[in-house]
Amino acid sequence: MPSNRFLSSLFLLGAVLSFSAGSALAFKTVIIDAGHGGRDLGAADSYVYEKHINLDVARRLERSLKEAGFKTVMTRTTDEFIALSERSSRANRYRNAVFVSVHFNSAYRTSAVGIETFYRTSSSENFARYVQTELIANMGSTDRGVKTANFSVLRHTKHPAILIEGGFISNRTERGQMMDPQFRQVIADSIARGIIQFNRRRF
């Protein structure tokens, strides 16, 4: 059964998203990148594949952002392989946009847990911080922080861009949580709320 914490978070997040639908937007388009796909499984453990979790969270994020009045673009909508260069190329076709890449983590040390958000440029740092803050506040997860990284999709995307690692598939507890649709919904809504907060600060 889902926890009361998640039920409360869903109620509060839903209220914020509904309120934001009528707000002015500093940027209007969010490019949502579901990491991996097709032959690229991403992290995998106990028949749980990152590529599937990424896509489900990305789809949920798309719905939440549309409800909040944003235009959304998905780099993939099915279980297909998309080259990293193509992901950035697709994102760069749009103006007045931000880029969010959704991932889940893995580590040799199975006790590793928590959520972290990566950025590369100074224009993306606050974006990463808003999203990480919402994720930690609503998920109750270990805060692994906001960090810089030179990932391809961050390096080649011209917009403010972040990459989220929403927990460890290699950790039994977090892997079990990922299998709960409500858990994935709260992750998606938390990301959406962080995007809304960043949008408000930029207006």
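For the range 167-187, the criterion of being aromatic (Phe, Trp, Tyr), within 18 Å of Arg60 (Cβ to Cβ) and in contact with an Asp or Glu (Cβ under 6 Å, 6 or more places away or on another chain) is met by none of the residues. Cβ-Cβ contacts under 8 Å between residues 6 or more apart (or on different chains), taken from a first residue in the range 37-60 that is under 20 Å from Ala112 (Cβ atoms) and modelled with pLDDT of 95 or more to a second residue that is among the small types (Gly, Ala, Ser) and in a helix (DSSP H, G or I), are listed as Val57/Ala188.
Rundown of residues vs (1) in contact with a Ser or Thr (Cβ under 9 Å, 6 or more places away or on another chain); (2) under 24 Å from Lys66 (Cα atoms), yes/no style:
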{"site": "Val98", "(1), (2)": "yes, yes"}
{"site": "Asn150", "(1), (2)": "no, no"}
{"site": "Thr157", "(1), (2)": "yes, yes"}
{"site": "Leu163", "(1), (2)": "yes, yes"}
{"site": "Gly166", "(1), (2)": "yes, yes"}
{"site": "Val186", "(1), (2)": "yes, yes"}
{"site": "Asp189", "(1), (2)": "yes, yes"}
{"site": "Ala192", "(1), (2)": "yes, yes"}
{"site": "Arg201", "(1), (2)": "no, yes"}
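Candidates are the residues of the range 68-125 that are on the phi > 0 side of the Ramachandran plot and not polar (S, T, N, Q); the one that is surrounded by the most Cβ atoms within 10 Å (Cβ to Cβ) is Gly114. One residue is enough: does the range 102-123 have a residue meeting the conditions in contact with a Phe, Trp or Tyr (Cβ under 6 Å, 6 or more places away or on another chain), of a type outside the set (A, V, I, L, M, F, W, C) and in a helix (DSSP H, G or I)? No, that holds for no residue. Identify all residues within the range 49-67 that are surrounded by fewer than 16 Cβ atoms within 10 Å (Cβ to Cβ) and touching a helix residue (DSSP H, G or I) at 6+ places or on another chain (Cβ under 6 Å); write none if there are none. Hit for the range 49-67 is Glu67, nothing else.
Checking each residue in the range 47-73 for being basic (Lys, Arg) and part of a helix (DSSP H, G or I) picks out Lys51, Arg59, Arg60, Arg63, Lys66.
In the range 126-160, of all residues being among the hydroxyl-bearing types (Ser, Thr, Tyr) and part of a loop (DSSP other than H, G, I, E, B), the one that is surrounded by the most Cβ atoms within 10 Å (Cβ to Cβ) corresponds to Thr157.
The values are calculated or read from the model by the stated rules, or taken from the named source; none is laboratory data. Because the structure is a prediction, the values reported are computed rather than measured. Using ideal geometry, Cβ is built from the backbone for each residue, glycine included, and neighbour counts are taken over all protein chains shown.
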